[in-house]
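S.K.: One structure coming up, written as structure tokens, with questions to follow.
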Amino acid sequence: MKRTIQVGAWAAAITLLAMTAIPCPAADTAVLRNGFSIRHERRQVIGTITRLYVDGSESSFVDVPTEEIDHFETLPPEPKVVESASHRERQAPAASGKPVDLNEVVKAASGTYRLDPDLVNSVISAESGFNVRAVSPKGAQGLMQLMPQTASALGVHNAFDPQANVEGGTRYLRELLERYDFDLVKALAAYNAGPQRVEQYGGVPPYYETKVYVARIVRDFNKKKLAAKTASQPASPKTSGSKSTPTSASATKPRKPAPQTQAKASPAPPNQ
């Protein structure tokens, strides 16, 4: 079953006049009084509400009562991105002290647990922004933000080792997908808020952070797949002369827009 998740819509122009803009650097996190946090690119105050924009667009935001926000924190910068002749490489220090290519780490873990590397990358981006040393207010650690007890159960002894962290986080994500019959929305919600909360509410729990988290990953994952599909399609040959006139009614029908989210994550075929 496919679903569409929308975080919010842009308000009317008359409402914009009442907004007080508060710019924030690169990316911040709003720490709520209930212990949850929301990553955002910038924020605006509208009366008693603080609007948190979760990416660079104007259409993806979540409104939070200002009184529910305890404080804001500036997120640490992402690791250095090195451009190579063949592809962009993300490098991070491993436990041995030598830099590792995070692309290869993600590719290896995804192959082991038969998941799409783009999905794993989207989760890492939402969890830590590819910051190997990231630590959440609740104590989650590393690239895929593993809680100490979860890391221990997965056999991850050093959550700041990128290879071990991604290996454990990818395994955990696969287990959650199997648990929820490959319902990606439920699996992501459980990754963020815990399986007990998903089962308690019968789906995504009513937490600001979890709703934004799920929407952000699904949107980013779909964007990656759409870009890959577009890149793989051959360019249409150009025809010379005058433009041709459609000869059938179907040629004039507008195409339906592509879905914004995917609620199901099909398991990858086992490695041959």
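The values are calculated or read from the model by the stated rules, or taken from the named source; none is laboratory data. Quantities reported herein were computed from a predicted structural model and do not represent experimental measurements. With ideal geometry, Cβ positions are generated from the backbone for all residues, glycine too; neighbour counts draw on all protein chains shown.
S.K.: Taking the residues in the stretch 117-126 that are in contact with a Lys or Arg (Cβ under 8 Å, 6 or more places away or on another chain) and over 15 Å from residue 168 (Cα atoms) as candidates, determine which candidate is surrounded by the fewest Cβ atoms within 10 Å (Cβ to Cβ).
M.R.: Restricting to residues being in contact with a Lys or Arg (Cβ under 8 Å, 6 or more places away or on another chain) and over 15 Å from residue 168 (Cα atoms), the top hit is 118.
S.K.: In the stretch 127-154, which residue that is within 20 Å of residue 219 (Cβ to Cβ) and either at pLDDT below 90 or surrounded by fewer than 23 Cβ atoms within 10 Å (Cβ to Cβ) (or both) is farthest from the chain's Cα centre (by Cα)?
M.R.: Here the answer is 130.
S.K.: Does the stretch 166-185 contain at least one residue that is of a type in the set (Val, Ile, Thr) and either in the same structural domain as residue 41 (by TED's automatic domain parsing) or touching a Pro at 6+ places or on another chain (Cβ under 9 Å) (or both)?
M.R.: no
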